[in-house]
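What follows is one structure encoded as structure tokens, with my remarks underneath.
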Amino acid sequence: MDDVILKLHGMVKSFGSTKAVQDVSMELRKGQVLALIGENGSGKSTLMSMVTGTLQPDKGRMELKGKEYVPDSIIAAGNSGVCILIQELGTIDGLTVAENIFLGKEKRFASGFRVSSRRMNQAADELLQSMGVSHFDAKTEVDALSFEERKLIEVCRAMYNDPDILIVDETTTALSHTGREKIYTIIENLKKQQKAVVFISHDLDEVQKVCDSAMILRDGSYIGTLYGEEVTPENMRQMMIGRDLSGNYYRTKGTTYVKEEVALDVRNIQYGILHDVSFQLHRGEILGLGGLTECGMHELCKIVFGAIKPDAGEVELTENHVKITSPAVAIKNHIAYLPKDRDNESLFLMTSIKDNITVASMDRLRNGPFITRKRERDLADQAAGQLSVKMRDVEQLTKELSGGNKQKVVVAKWMANESDILIMDCPTRGIDIGVKAAIYKLMEQLISEGKAILMVSEEIPELLGMSDRILIMKDGTINGEFDRSEEVTEKSLIEKLI
Amino acid sequence: MVIEMKMKEAPVLGAKGSKKESNVLKNAEWAKKAVPFLGLLVLVLLFSTTTDGRFLKVANLQNIFSQAAIVMVAGTGCSFVMSHNNLDFSLGGACAMSAVAGIVIGAKFSYAWMLPVCLAVGMMCGLVTAGLHIKARIPAFMAGMCIMFAGRGLAQGAYLQFVMTLPQDYKVLQNIWFYFAVVTIIFLTAYILFEYTKIGKYNKLIGSNMQVAKLSGVPVNKYKAMAFAVSGFTVGAAAFMSIIRGGGVGAQTGTNLETNVLLALTLGGFPLTGGSQAKMRSVIVGALVLFMLNNGLQLWGVDPTIINVIKGIVFLVVVYITIDRGSGGVMI
Amino acid sequence: MKKKLAAIVTAIAVTVVSLAGCGNSTESSGSAPAAETEKAEGETANSGNAEEAVRHKIGVILYGKDDSMGAADYAYLNYAAEALEVDIQWALNDYDAESQLASAENLVSAGCEGLLFLPINDNAVSLIGDYCQQNEIYFQMMNRDISDNTIKEATQANPYYVGTSFEANEAATNELTNFMAEEGRLKYGVGKVPPGSSLSVRNTAFEESVKAVNGTILADYTAPSDGSTQAYVTYIENFVNSYPEMDGLLLSSTTGGGGETIMNTLQSLVEPGAIKIVAFDTFEGMEEGFEDGWLTALAGGIAVQCVPDFIMLYNAVDKTPLAEGYTVLYQNFIFITNLEECSTFAQYIDNPEHMIYDAETIRSLAKRYNPDATLDDLVNLMESYSLGWVVDNAGQ
């Protein structure tokens, strides 16, 4: 037991209604290199922010070397021997390399009131040399350095503290091969010195190579820990993605409403990493679009809706040959878009449910130039009622609703505009099972009425359970297409995904 | 196991819990909205009882309204700009330009032209600000400042060039009924635009969250420009009132209009970052609070240098109470 | 919904109350001060003792009290008010006609029985004049003439107009030009103020005075209205470069750092004394200017004129006016011609601590304290104003 350095008990942290970390416990031993893995938003960074004192937990307690540990800032954590290398840049422009390394510790080089920059530079140079850095020195201003070189400065800063625990938060993704190797060496050394390392990374091969154990989080909850030989990309991937409910709230198998008629034609889209993406969406069809978050599928949604102008290619409404060039054009033609980021992109939080529902339908509510309260209320009441949104009344502020009810409001907004084609980006992300089922049911009802749905999802079971056809994207191109059938399995999708 | 976790992490809020929470929220919201009115009430009571009845004299109340009228009119239009989360710093300069143009053209041709010229020039200033902001992507307050400096310069230059005194015939308009009529007409029209048409609704939504508004099909730039045009129009009206009340145009006409309007809107509880919580009534309440405070303190005989300090403190207190700290954050 | 109702009700209530009885407002508001005055007189009569009477209250509207002129006015008037046992209420920092009117309205509401103000422009005179007439309030202006004839006539016909005062500008320009001519300097550059300015009379007065001494104006400039001093450097450089024969500068205004800038520019361009300056206003560095031979004479010291203005208004408010109708007073300038006079000026005149007119003098011009006081006494006192008189008076 003595070799346990850090112990977390039942850590909980929420942001508003989102539970970022849910009752997570953890033990870290001397000489352990623990990978912390999980999808984006699974709570890794939040958990580590609590360990480094940048966030305060709602519940739970921490023990460091057998003593109660309550860091109130990153500096306090550093003084207790817990250091972190963060994802973003942690250096300050306008200061020299040495000043950045010894930020907050200038006193050590002070004689009287004067800080001796000569001694500080000397110490910094020694540190840089010990890390094998020779192409810049302590007096260089950090502005002149590349991202990678600045990362190395942060490493120096962390190492100067002689930490008992080093947390590496997705640092390596930004680094080149040599940069990574430097970090690996440091981790190796720390391990030899019986220190502990927490390594956060999305690169599962890297994790396998560097770490001796891996803890998996998913949606803020602890899923499990793998040790030694168990740490393989396959095992980790399986635990990361998990297995969702296999119940019957997805579509009944065997039913199809897909028609020949093409609703939307997306041709040769070129934008960012998106490269020559084309597909057709049919009436009565749910077209599933899956991939990793960074594969470009979210941007593709915005392009289809006209919110992003692609560098090349076009989106055409087959019915009347209208090109979708802006959200206004899309909405006029009854296209709806449900963004993934509900709180920032699809809802006015400090605004009433009524206004959120009616915003896209103003032109239909107008009587001459005027929009009366009554017509607005009637439409909002009707749309909210149709989706049975749980609320006081339509004047209630949207931010007071739960995640699921928020999504219902978003759907109600587009129902109110009699949308024909729906682009749904992760429509069930972060919402509870009840609402999830309701949304799936609604989707099925919509396609039975001949509407078309483009559904982007990061959850494989959802893609399999809901789609008539699945497109898998990888690095900006469509990497595979599957029709709805029994033969298509999670495994076959994942192969195309990663 | 995963299923279990998911069930746990998204509990459907019990009726009891959610009700309690929303009641607290409701009370907080209510208190926030009530502050400006309470402030107005407190001022009225305070000054009524401590000035030997001077404050409540009809003539004094009329004075307060006449003094506040220009700020009310300009603020009415400015609230469109503020509701979409921009500050219009052009008000003073635009007012000066409109007033100069109005009276100079009025003197040259006919004073019947004065009002239309004021309104047209005001609106043009609004559109220039909008153009600089939207097309040239200059922050709106900077674009506004350009107009402000230009207007100041024009007024000072014109003051040396022209006689800008209103003929005696027009002094019949220097009475409370005229100010009351203008405020009423402008306010009611603007209120309808603000609450019952796309101009007001869209601008408030843009202020709530521009990205969401865009993704909900709101032509953001068009409606922002309209807000500036409305603001310009009311500044034109304010310029006309300023000519009437000031008996002409001076080198300093319109000075501090933007500050006073901003003060009034804030004192009236208008959210500084715009959005759906914006209410047009804030303009009237705020302007009354501002000028009552000024008037009451002068009735008390408070040293003028201290009056400004007190105004500053009141302003801070109101902002402290009513400001939204972060979206969806705590209210009070 | 309730809140909305409350909002509308409050707003309407306030406006309606303020509008109600608009028609008889003049009588109601106008009668109050008058009644108070009567009461005051009654009490005076009863007790026969002026000191127990109800104190009058006079409102003063001034642009500010932060520059030397404003600070002097502020100090002199507070002192005079104390001497005459009246309350004074200040309204400062109004820079346009509307704000001055608003201040006038608020001061009258606050119970002021008379207004003394420095109008920002002619429109302000007209507005405040009309307002005072409606409310039967006496008003006196200081430091300003009215240039618009319509407004001038209307104001002069206003029974509540006590009068105004202004500087004896023509006399001063003549005097300044004479100082220059006596030194044999006759080739001038003239610094003018913007033509619409209240001081623009100095521009033409200089032209006249130059003719009178048979001098020549080689060039002139008009001071920038935005108060920037940088422009002066260019003006003076142009003068010196284009007119090497120029030997004197006649300056209509040197406030806001103008005087220092011009003197410094001259120092960098020509030998000491090659060009000398006569000017209105006093400024920082004038001691060195006289010592090093850059300055011939300066005219200043007119801030004190607010005191006679205040005395005029006080007598009118006390229902014992010094004169029928309105009165225009002229304020002499004080001339400084050497280093010694600089320090005398600094000690007695440019010093708000020193009261040029003492309490006794002020009281002797108020009929309440001296029933024999006349306008002539006041005019005589003003005419005797000079550097010598101030020093003598202080010595007593």
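What the table shows:
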| quantity | calculated |
| --- | --- |
| Candidate set: segment B:195-237, residues that are of a type in the set (Ser, Thr, Tyr) and out of contact with any Ser or Thr (no Cβ under 9 Å at 6 or more places or on another chain); chosen: the one farthest from the other protein chains (Cβ to nearest Cβ) | B:Tyr223 |
| Residue that is farthest from A:Ile183 (Cα to Cα), among those in segment A:58-76 that are surrounded by 15 or more Cβ atoms within 10 Å (Cβ to Cβ) and in contact with a Leu (Cβ under 9 Å, 6 or more places away or on another chain) | A:Gly60 |
| Hey, C:Ile120 of a type in the set (Val, Ile, Thr), within 13 Å of chain B (Cβ to nearest Cβ), closer than 17 Å to C:Phe310 by Cβ and not in a helix (DSSP H, G or I) or not | no |
| Residues satisfying the stated conditions in segment A:68-92, i.e. modelled with pLDDT under 85, part of a loop (DSSP other than H, G, I, E, B) and hydrophobic (A, V, I, L, M, F, W, C) | A:Ile86, A:Leu89, A:Ile92 |
| Some residue of segment A:373-393 being under 18 Å from B:Gly200 (Cα atoms) and in a loop (DSSP other than H, G, I, E, B) | no |
| Residue within segment A:259-276 that is buried (at least 19 other Cβ atoms within 10 Å of the Cβ), in a loop (DSSP other than H, G, I, E, B) and touching a residue at least 24 places away in the same chain (Cβ under 8 Å) present | no |
| Any hit, segment A:325-340, residues being more than 10 Å from every other protein chain (Cβ to nearest Cβ), free of Cβ contacts under 8 Å to residues at least 60 places away in the same chain and not hydrophobic (A, V, I, L, M, F, W, C) | yes |
| Members of segment C:144-172 found to be charged (D, E, K, R), surrounded by 15 or more Cβ atoms within 10 Å (Cβ to Cβ) and within 12 Å of another protein chain (Cβ to nearest Cβ), listed by number | C:Asp148, C:Lys152 |
| Filter pass, C:Leu127 being within 11 Å of another protein chain (Cβ to nearest Cβ), of a type in the set (A, V, I, L, M, F, W, C), in a helix (DSSP H, G or I) and out of contact with any helix residue (DSSP H, G or I) (no Cβ under 6 Å at 6 or more places or on another chain) | no |
| Residue in segment A:449-457 that is within 13 Å of chain B (Cβ to nearest Cβ), touching a strand residue (DSSP E or B) at 6+ places or on another chain (Cβ under 7 Å), modelled with pLDDT of 80 or more and outside any loop (DSSP other than H, G, I, E, B) present | no |
| Count of segment A:463-498 residues which are in a strand (DSSP E or B), free of Cβ contacts under 8 Å to residues at least 60 places away in the same chain and under 16 Å from A:Thr252 (Cα atoms) | 1 |
| Scope segment A:316-357; condition more than 20 Å from A:Glu418 (Cβ to Cβ), in contact with a strand residue (DSSP E or B) (Cβ under 6 Å, 6 or more places away or on another chain) and not in a loop (DSSP other than H, G, I, E, B); matching residues | A:Glu316, A:Lys323 |
| Flag if A:Arg237 is among the basic types (Lys, Arg), away from every other protein chain (no Cβ under 14 Å), in contact with a helix residue (DSSP H, G or I) (Cβ under 8 Å, 6 or more places away or on another chain) and within 26 Å of A:Met11 (Cα to Cα) | yes |
| Qualifying residue in segment C:351-367 (condition: at pLDDT 90 or above and in contact with a strand residue (DSSP E or B) (Cβ under 8 Å, 6 or more places away or on another chain)) | no |
| Test: residue in segment C:71-92 that is touching a Ser or Thr at 6+ places or on another chain (Cβ under 6 Å) and assigned to a loop (DSSP other than H, G, I, E, B) | no |
| Complete set of residues in segment B:169-194 that are modelled with pLDDT under 95 and within 9 Å of another protein chain (Cβ to nearest Cβ) | B:Lys171, B:Gln174, B:Asn175, B:Ile176, B:Trp177 |
| Count - residues of segment A:372-392 that are in contact (Cβ under 8 Å) with a residue 12 or more places away in the chain and within 12 Å of another protein chain (Cβ to nearest Cβ) | 3 |
| Residue in segment A:366-375 that is under 19 Å from B:Ser276 (Cβ atoms), among the hydrophobic types (A, V, I, L, M, F, W, C) and surrounded by fewer than 16 Cβ atoms within 10 Å (Cβ to Cβ) present | yes |
| Condition met for B:Ile185 (in contact with a Cys (Cβ under 8 Å, 6 or more places away or on another chain) and of a type in the set (Val, Ile, Thr)) | no |
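Per-residue answers, yes or no, for (1) acidic (Asp, Glu); (2) more than 17 Å from the chain's Cα centre (by Cα); (3) buried (at least 19 other Cβ atoms within 10 Å of the Cβ):
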{"residue": "B:His84", "(1), (2), (3)": "no, no, yes"}
{"residue": "B:Cys95", "(1), (2), (3)": "no, no, yes"}
{"residue": "B:Cys118", "(1), (2), (3)": "no, yes, yes"}
{"residue": "B:Pro139", "(1), (2), (3)": "no, yes, no"}
{"residue": "B:Met142", "(1), (2), (3)": "no, yes, no"}
{"residue": "B:Ile147", "(1), (2), (3)": "no, yes, yes"}
{"residue": "B:Ala155", "(1), (2), (3)": "no, yes, yes"}
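Each row is one residue, and each column tells you yes or no for (1) part of a loop (DSSP other than H, G, I, E, B); (2) modelled with pLDDT of 90 or more.
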position: A:Ala20; (1), (2): no, no
position: A:Leu28; (1), (2): no, yes
position: A:Gly94; (1), (2): yes, no
position: A:Glu99; (1), (2): no, no
position: A:Leu103; (1), (2): yes, no
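The values are calculated or read from the model by the stated rules, or taken from the named source; none is laboratory data. All values reported here derive from a predicted model rather than from experimental measurement. Cβ sites come from the backbone with ideal geometry, for glycine too, and all protein chains shown count toward neighbours.
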